[in-house]
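Only the coordinates and a few stated rules stand behind these numbers; no lab work does. Here the structure is a predicted model, which is why all the values come from computation and not from measurement. Every residue, glycine among them, receives a Cβ derived from its backbone with ideal geometry; neighbour counts consider all protein chains shown.
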Amino acid sequence: MQAMTSMTEHQLEIAILFERSLRFGDEISADEKSREIFNALMNDISNMEERVNKEILVAETMAEVAINDAHDDAIKAEFENILIELKGVEKDAFEVSRHVKEVFELFEAGDVQAAYERGEAVAHEEEQLFKHIEGVLAEISKFTDAAAKQAENDVKETEMMVMGIGATALLIGLLLGVIVSRSITRPMNEILAAADDLHKGDGDLTYRLPGFGTDEIGQTANSINGFINKMQNVLLDVRTSVETVAAASEEVSASAQSLSQGSSEQAASVEETSASLEQMSASINQNTENAKVTDGIATRAAQEAVEGGEAVAETLEAMNQIASKISLIEDIAYKTNLLALNAAIEAARAGEHGKGFAVVADEVRKLAERSQVSAQEISEQATNSVKVAERAGGLLEAMLPNIRKTADLVQEISASSEEQATGVSQVNTAMGQLDQVSQSSAASSEELAATSEELGANAEQLQKIIGFFKLDDNQQVSVARVENSGGNFNQSHEQDDGSNPSTANPDFVPFGKAG
């Protein structure tokens with residue numbers, strides 16, 4: 001109805017715009033402004049025609065939906081008739097739109113007279129279209145009024161029917177209430193008693209409620225059993241974890257104590273090693289100093305040996321010179337002896353006059369002999385001295401490489417001692433750092449031991465808390481098994497009118513009293 005009303009209004013606007021365009025159609029060739037107004041009116045009419053076409057399609061779609069949803073043949077026939085009329089309106093609107101375009105084309109071509117004649121025909125077609133739309137609206141309005149009256153009557157009939165159904169449902173509800181109340185009260189009392197005992201009991205989680213069928217009560221009981229089973233499984237897992245934590249804390253505590261003891265022993269060993277290294281460092285430093293002193297002595301000894309060798313060589317040369325001088329003295333003594341012998345011979349020839357000269361010649365001969373003997377002795381001593389000097393020179397020459405080698409070795413020992421002193425100093429520094437690490441490890445191990453002891457105490461406290469609950473280590477009941485374990489509660493309790501859980505179910509055992 002609303003779509004048809006909107007379509008009527010828009011079609012009326014098209015007619016008004018078309019009449020205005022006729023006033024400017026004969027001026028578009030002479031007046032540019034008139035052409036602009038004419039073109040604007042053409043665009044407005046085109047846009048409005050598109051809206052009308054969409055509204056017609058919407059109305060047709062609504063009619064088709066109503067036909068498909070209608071359950072009454074009369075209503076369905078009425079909507080089919082409306083759909084036929086809408087199709088006619090759509091056809092008429094299309095013809096009017098086509099003829100309007102022809103009028104605009106005539107104006108564009110300059111045939112004003114033909115355009116006006118065609119415009120009068122279009123105006124007549126628009127009047128027929130309006131009458132057609134008004135007829136459809138009248139039919140829809142008439143059908144709507146009839147449908148409203150029919151709906152009012154249907155509402156009254158429905159109210160009477162609902163009242164009757166309500167009275168019947170009330171009676172049935174009362175009867176069902178009594179039956180359902182009796183079928184719910186007894187198992188609910190058992191469930192409530194079991195839940196209350198779970199709340200106030202002694203922590204027994206080994207009991208399960210009996211099966212109450214597959215209805216809501218049975219599902220509630222199965223849910224409670226599943227909850228208890230889940231709680232028991234969780235507590236069993238927690239207990240196992242607590243035992244594992246307790247054992248681990250004991251192992252950690254023992255390891256921490258062992259680590260602490262080992263760290264303390266290591267710290268003591270490090271201190272002893274540091275002291276030994278300090279002593280070793282002092283000894284190495286002393287050896288280094290001694291090696292330096294020995295190196296100086298060996299160097300001086302080598303120098304003195306060199307000088308001694310040179311002195312021996314000079315002595316040997318002097319001995320050789322002395323030997324040559326002694327040979328000269330021996331030669332002089334030998335010649336003197338010959339002269340003395342000749343003088344004696346000449347003195348003998350002189351007779352009495354030559355006695356004094358003979359005495360002198362004899363003394364000279366004796367002196368020459370003694371000089372010769374002394375020269376020989378000195379020559380022998382000189383020869384022996386030369387041999388001794390040569391031997392001393394040879395020994396000094398043989399000793400000099402050893403002295404130099406000794407000096408070199410002492411220098412190497414000194415350098416090695418300095419390197420050892422540096423290495424020992426580095427090791428001593430490292431031992432100091434190791435001592436700090438050992439002390440830190442000892443402190444950390446003591447803290448770890450304290451933490452493990454505290455963890456063990458917490459685990460023991462948690463074991464005491466879990467010990468409150470009674471658990472079955474061999475019972476791992478699943479919710480699915482609990483749901484499949486029971487029969488129908490209503491069937492198993494039809495002969496029992498009691499409200500006490502213990503009488504309603506002879507197998508009922510409150511929590512905390514099972515076992």
At q = 0.17 Å⁻¹, work out log10 I(q)/I(0) for the range 257-322 with the Debye formula, treating every Cα as an identical point scatterer and leaving solvent out; two decimals please. -0.77
Cα convex hull of the range 317-364: how many Å³ per residue? 44 Å³
Under a plain spin-label model, where a point goes 7 Å from the Cα along Cα-to-Cβ, how far apart in nm are residue 39 and residue 380? 16.4 nm
For residue 286, placing the label point 7 angstrom along Cα-to-beta-carbon and taking the range 415-454, residues whose amide nitrogen sits under 18 Å are 417-418, 420-422, 424-425
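Using Cα pairs closer than 8 Å and at least 6 residues apart in sequence, work out the relative contact order for the range 263-466, in percent.
42 percent
What does the convex hull of the Cα atoms of the range 263-466 come to per residue, in Å³, rounded to a whole number?
120 Å³
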Virtual spin-label span in nm between residue 241 and residue 318, 7 Å along Cα→Cβ: 10.8 nm
Pop out the ³J(HN,Hα) list for the range 306-314 in order, Karplus 6.51 cos²θ - 1.76 cosθ + 1.60 with θ = phi - 60°, rounded to Hz; leave Gly and Pro as x. 4, 4, x, x, 5, 5, 5, 4, 5
To the nearest 0.05, the calculated FRET efficiency linking residue 329 and residue 299 through their beta-carbon distance, R0 being 51 Å, is 0.70
Phi-derived 3J(HN,Hα) across the range 71-84 with the Karplus relation (6.51, -1.76, 1.60, θ = phi - 60°), rounded Hz, x for Gly and Pro, is 10, 10, 5, 5, 5, 4, 5, 5, 5, 5, 5, 5, 5, 5
Using the basic label-point model (7 angstrom from Cα toward the beta carbon), what is the residue 278 to residue 250 distance in nanometres? 4.5 nm
List every residue whose amide H lies under 5 Å from the amide H of residue 214, counting only residues 5 or more places away in sequence or on a different chain, with H placed 1.01 Å from N in the peptide plane. 489
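Out of every Cα pair in the range 401-457, what percent are spaced more than 14 Å from each other?
73 percent
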So what J values fall out for the range 293-298 if you push phi through Karplus, 6.51 cos²θ - 1.76 cosθ + 1.60 with θ = phi - 60°, rounded to Hz, Gly and Pro as x? 4, 4, 4, x, 5, 4
